[in-house]
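The values are calculated or read from the model by the stated rules, or taken from the named source; none is laboratory data. Computed from a predicted model, the values in this text were never measured in an experiment. Please note: Cβ atoms are built from the backbone with ideal geometry, for glycine as well, and neighbour counts cover all protein chains shown.
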Amino acid sequence: MTDPKHTAENVPLPGGDFRLFTTRLAYQLMMSCGLLENPVTGGTSPNPDNARMLLDDLRMLAEKTRGNLEEDEQQQLSKVLSDLTPVVDKLAGGESPAAPD
């Protein structure tokens, strides 16, 4: 008997990992800033309102989890916020955001 071929339909999606969760939010935020190509549309299209909402969600997450994260989780969340806050601020101000260093 042969092993079933792994396809997107039969591979379970990962979940329950804080760093993966914040990474997914960060990718959505980068797409909303127009920094990453949207895999569905194949293009980049900044959406300042969505970017601000996602940044606010990440800030709320940082506030609500303060003191309860492992050091690497806290560092990752802090890095995402420090890198993407100025990008969202530029976008909100009508500027074309540049990718963080």
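I'd like the residue in the stretch 14-37 that is without any contact (Cβ under 8 Å) to a residue 24 or more places away in the chain and part of a helix (DSSP H, G or I) and, out of all such residues, is surrounded by the most Cβ atoms within 10 Å (Cβ to Cβ).
Within the stretch 14-37, the first condition is being without any contact (Cβ under 8 Å) to a residue 24 or more places away in the chain, and the residues that meet it are 14-17, 20-21, 24, 27, 31-32, 36-37.
Those left that are additionally part of a helix (DSSP H, G or I): 20-21, 24, 27, 31-32.
Details: 20: 11, 21: 15, 24: 13, 27: 14, 31: 22, 32: 25.
Step by step, filter the stretch 14-37, then rank; the result is 32.
Could you say which residue among 40, 87, 80 is touching a Cys at 6+ places or on another chain (Cβ under 6 Å) and either surrounded by fewer than 14 Cβ atoms within 10 Å (Cβ to Cβ) or in a helix (DSSP H, G or I) (or both)?
87
Consider residue 73 carefully, then state whether it is part of a helix (DSSP H, G or I), charged (D, E, K, R) and in contact with a Phe, Trp or Tyr (Cβ under 7 Å, 6 or more places away or on another chain). Step through it out loud before you land on a result.
Values: part of a helix (DSSP H, G or I): yes; charged (D, E, K, R): yes; in contact with a Phe, Trp or Tyr (Cβ under 7 Å, 6 or more places away or on another chain): yes.
Yes: the conditions hold for residue 73.
For the stretch 90-99, give me each residue that is part of a loop (DSSP other than H, G, I, E, B) and either modelled with pLDDT of 90 or more or within 13 Å of residue 27 (Cα to Cα) (or both).
As a first pass, look at the stretch 90-99 and keep what is part of a loop (DSSP other than H, G, I, E, B): 93-99.
Correct list: 99 only.
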